[in-house]
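The next block holds one structure in the form of structure tokens; read it before the comments.
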Amino acid sequence: MKKQILTTSISALVAGLAWQAGASAQTLDYTAMSELFGEPVTAGATGAPQRASDVPATMVIITGEDIRRFPERDIPGILRHYAGMDVTRYGFGDGQVNIRGAATGYTPRLLVLVNGREVYLDSYGYTAWATLPVQLDEIQQIEVVKGAQSALYGFNAVSGVVNIITRNPELGNYATAHVDGGTDSYTDLSLVAAYGSGDRASVRFSLGSTRADEFGGYPGNTGAAGFGDVEFSRDTLALEGRFALTNKVSLTTEFTHSEVNQVESTSIALAAESEYEITSYRAGIEADTDLGFLTVSGFRNEVEVLYSFGLNETSLTAFAVEDLFKVGTRNTIRLSAEYRDGESNSFPAPGNGDFGYETLAASVMWNRKFSDSIELTLAGRYDHVDWSRDGDLDPALYPFSREDYDVTIEEFSYNAALVWRPEFGGTMRFSTGRGVLAPTMFDIGFGLPVTVGGNTLVISGDPNIEPAIVTNYEIAYDRALSPTVDLRAAVFHHETEKDRGAFGPVPDLFPPAVNAPVFLFGNRGDTATTGAEVTLDGNPEGPWNWSVNYTLQSVEDDLSPFGVNTVRDYEGATPSHLANARVGWTGERFRADVLVNYVSSTDVPMQPVFGAVSRVSVDDVISASFRGEYVINDNLSVALNAQNANFGDGEQTNANTLTESRFWLSLRAGF
Amino acid sequence: MRFLILSVIAGALISTPAFAETSQRDLEVIGRALGFMEGVSGSDRTVAIVYDAGSEAEAQALAGAMSGGLSAGRVTLNARLVPMADAGSLSGAHAAVLLGSASGDAGVFSAASSAGVMTVSTDMGCVESGQCVMGVQSAPSVRIVVNRGAADASSVSFAAAFAMMIEEI
């Protein structure tokens with residue numbers, strides 16, 4: 001996290017020109033606020049705006065300036081350089097981000113949002129990062145909140161939340177065009193622009209297109225053979241309009257569309273190629289009223305994914321109402337209510353009836369500043385979920401009737417944190433949270449008969465599956481060790497009870513109880529991670545800056561047997577040590593960055609074909625990446641990027657594909 | 001004789017308020033904060049500098065920093081020098097930076113608040129006692145404190161997001 005320096009610099013002069021104070025000042029003006037306080041600001045930890053040093057959670061805020069310096073093409077690539085982020089690159093576009101253990105492909109534990117809209121796919125339960133309709137050039141900041149955050153964000157925010165916030169078109173016009181070309185047929189085009197007409201209306205436009213050769217398959221994985229010949233493709237479009245209806249009320253509308261084809265690792269460690277088509281609509285009204293800061297918002301995601309085992313069509317419609325206000329001088333309160341409706345087609349086998357859920361949730365957040373050195377935040381949320389199926393299943397295959405799917409789940413989640421600024425300096429945070437990892441559509445409604453060796457087997461979701469409960473305990477300490485060196489440290493204990501999902505090669509139900517053997521999605525046991533993270537950031541006077549971080553993760557599982565009932569092995573798949581080092585040099589015309597990333601050895605599951613499960617050893621991995629940029633003039637710059645330069649044709653980092661070095665030249669024009 | 005000098009020095013040390021001069025960085029923080037004040041349009045802000053005899057040099061330095069207009073975030077600051085005795089003529093200014101003994105002076109606050117002018121000082125004692133609407137420090141880190149009672153008396157209010165991020169007393 002770079003220290004922002006207060007200066008009457010060119011940026012401040014430019015900033016003063018185009019803006020009118022007071023117009024739509026409701027939406028958090030990140031740039032103006034962070035320049036005022038000399039540090040990033042966020043509403044991502046509690047829903048109320050806060051300075052980064054005040055937040056009651058361990059948070060990473062990556063600004064647009066930071067993003068530009070990375071020799072990375074996507075967000076998981078950037079995240080891996082930060083403490084506590086275990087990122088596994090299963091394919092050119094598939095980077096799964098695991099925080100606080102429980103490492104797996106298709107991780108369901110991280111909630112990902114773009115401008116508050118969920119882009120995490122709650123059908124199968126994971127985030128397909130390549131489908132995010134965002135270009136790196138238009139990101140204002142990426143906020144990562146670690147630990148269980150269900151009390152603010154809802155189900156599935158159990159290892160953390162990533163919220164990607166794009167630049168606000170109301171705060172000034174911009175246009176950036178970006179063209180990349182590199183090895184392995186890599187081409188990337190991105191066009192982002194914002195334009196304001198008068199003070200009342202502004203528009204943001206975003207277009208991105210990427211093509212590249214996928215990484216080659218890991219030689220030991222016969223199911224991944226030939227993946228190197230697949231072409232990764234990504235096309236995304238976003239259009240956003242913001243309208244100041246009055247001085248106190250503003251309207252935002254957004255439309256996005258993404259199409260992606262990529263290689264991935266599924267949750268049962270099967271390598272696969274998938275095709276995505278995702279469309280979204282979002283609208284929100286914000287009003288600064290006497291009752292507080294009111295937000296009414298809604299979005300709809302329409303998702304079509306062609307998996308190797310079938311076509312899934314899911315829609316998610318959500319509405320939320322929120323009121324944020326102060327009571328007296330010391331209390332900030334946030335009240336919110338949410339309704340969600342998720343639906344899926346009968347999947348993968350048709351004819352079993354569409355199914356889905358409806359959720360009603362209510363949450364409260366209370367933040368109290370007891371003094372200028374002690375602040376307490378308490379948040380609680382109640383979710384009520386009703387599942388149902390609108391058709392009957394084939395009784396010859398499935399052990400459940402339509403009525404079995406009338407299931408109700410009710411859960412509480414909470415977060416509590418104390419932020420204390422002691423006499424001896426720095427900031428201490430004591431926090432605990434209870435998060436809920438809810439069953440996904442697949443967990444509940446999946447239905448597919450398979451034929452293996454002439455025998456019919458059935459893979460089925462289980463409507464009786466229970467949500468997994470995650471509890472997080474953490475103590476953190478941040479301190480400026482000197483005017484130029486910042487320390488951020490945390491120790492945590494993160495437990496999951498009744499972890500859900502993933503079956504093994506042995507069925508759960510056998511004849512005569514059922515007609516054909518049935519593999520069930522289910523609850524597979526408990527896992528816990530104890531660990532620590534430390535980051536040191538150096539920003540001395542002059543052109544140099546540096547950063548180092550280290551993360552320790554110690555995992556203990558109590559899961560159903562690996563290779564029999566589940567392919568989950570978190571002890572093996574979670575690396576015990578992660579480390580990063582970065583050095584940057586910023587001159588008048590030249591910028592250079594060198595980054596080193598270390599991931600310690602792991603034993604990961606592999607399933608080249610359904611039914612053949614094994615463990616594969618992956619050695620310690622060290623990667624070195626470089627970026628050098630030359631600023632031609634105020635508008636034009638060119639950069640050379642070397643990502644994982646030492647990997648050559650392929651380094652084994654998982655059991656799906658080999659991670660290859662990629663080099664590319666990048667030309668950027670900004671106005 | 002030496003004992004007398006020592007005790008005079010000691011007395012002076014104890015009675016001198018322990019705050020540093022208002023710096024240009026403090027001024028930039030004040031300026032940016034002004035950008036979040038409600039009820040004002042446009043990007044120009046007039047900042048009155050209220051000084052006493054002992055802080056005249058400090059006042060001149062601040063006025064010099066704002067000569068030609070000082071950019072701070074969304075706003076441009078222009079200075080108006082106001083000797084403490086002329087506090088009654090603060091009307092028209094958006095904010096009044098109080099220096100020396102003007103900071104914490106009830107008469108100055110009364111004149112400013114009735115003119116709807118936001119009183120601000122780098123002396124935290126002023127905002128704590130309610131004789132200033134805002135107290136500002138820019139080092140070692142930015143600290144902004146607003147006294148709600150003083151703000152109400154001066155008809156000053158801030159954007160909701162800003163109010164949630166500062167310390168209110």
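For region A:484-538, what is the convex hull volume of its Cα atoms per residue in Å³?
It is 91 Å³ per residue.
About the Cα centre, and with charges only on the beta carbon of Lys, Arg (+1) and Asp, Glu (-1), how big is the dipole of region A:342-501? Nearest 20 debye, please.
In total the dipole reaches around 920 debye.
Could you pull out the chymotrypsin sites (Phe, Trp or Tyr not before Pro) across region A:355-452 that fall in loop regions by DSSP (anything but H, G, I, E, B) with no more than 16 other Cβ atoms inside 10 Å?
A:Phe370, A:Phe424
Beyond 23 Å, how much of the Cα-Cα pair distribution for region A:526-671 remains, as a whole percent?
Across region A:526-671, Cα pairs with separations above 23 Å total 54 percent.
To the nearest whole percent, what portion of all C-alpha pairs in chain B is separated by more than 30 angstrom?
14 percent
Let a ≥ b ≥ c be the square roots of the eigenvalues of the Cα gyration tensor of region A:86-184; is it rounded (a/c under 1.5), or, if not, prolate (a/b larger than b/c) or oblate?
Here region A:86-184 falls in the oblate category.
Semi-axes of region A:617-663's equivalent ellipsoid from the Cα gyration tensor, sqrt of 5 times each eigenvalue, largest first, rounded to whole Å?
31, 9, 7
Over 5 Å intervals from 0, what percent of Cα-Cα pairs in region A:378-435 sits in each interval?
4, 14, 14, 10, 10, 9, 8, 8, 6, 5, 4, 4, 3, 1, 0
Considering all alpha-carbon pairs of region B:106-159, what whole percent are spaced by more than 20 angstrom?
Beyond 20 Å sits 17 percent of the P(r) for region B:106-159.
Ranked by Cβ crowding within 10 angstrom, fewest neighbours first, how are B:Cys126, B:Cys132 ordered?
Least crowded to most crowded, the residues run B:Cys126, B:Cys132.
So if I place +1 on the C-beta of Lys and Arg and -1 on the C-beta of Asp and Glu, and nothing else carries charge, what would the dipole magnitude of the protein assembly as shown be about its Cα centre? I want it in debye, nearest 20.
That gives a dipole near 2360 debye.
Compute the Rg to Rh ratio over region A:108-255 from the alpha carbon atoms, using the Kirkwood formula for Rh, and round to two decimal places.
On the Cα set of region A:108-255, Rg over Rh gives 1.05.
Rg to Rh ratio, region A:456-559, alpha-carbon atoms and Kirkwood radius?
1.30
Which shape class, rounded, prolate or oblate, goes with region A:196-242 when its Cα gyration tensor gives a ≥ b ≥ c as root eigenvalues, a/c under 1.5 marks rounded, and past that a/b bigger than b/c marks prolate?
prolate
Taking +1 at the Cβ of each Lys and Arg and -1 at the Cβ of each Asp and Glu, which of A:Asn633, A:Asn168, A:Ser388 sits farthest along the dipole of chain A towards its positive end, judged by Cα position relative to the Cα centre?
Toward the positive end, the furthest listed residue is A:Asn633.
Over the Cα atoms of chain A, what radius of gyration and what Dmax do you get, in Å?
For chain A, the Cα-based Rg and Dmax read 24.3, 79 Å.
Within 10 Å of each Cβ in B:36-44, how many Cβ atoms from other chains are there, averaged over the peptide?
4
Report, in deg cm²/dmol and to the nearest 500, the calculated mean residue ellipticity at 222 nm for chain A, where each DSSP H run with n ≥ 4 adds -39500 (n - 2.57) and the sum is divided by the residue count.
Computed ellipticity for chain A at 222 nm equals -1500 deg cm²/dmol.
So what are region B:78-169's ellipsoid semi-axes, whole angstrom, largest first, if each one is the square root of 5 times an eigenvalue of the alpha-carbon gyration tensor?
Gyration-tensor ellipsoid for region B:78-169: 20, 14, 12 Å.
Work out which GluC sites (Glu not before Pro) in chain A are exposed loop sites (DSSP not H, G, I, E or B, at most 14 other Cβ within 10 Å) and give the longest gap free of them.
A:1-422
None of the figures in this text is laboratory data; all of them are computed from the coordinates on show. Small disclaimer: the values here were computed from a predicted structure and weren't measured. Here the Cβ is made from the backbone with ideal geometry for all residues, glycine too, and neighbour counts use every protein chain on show.
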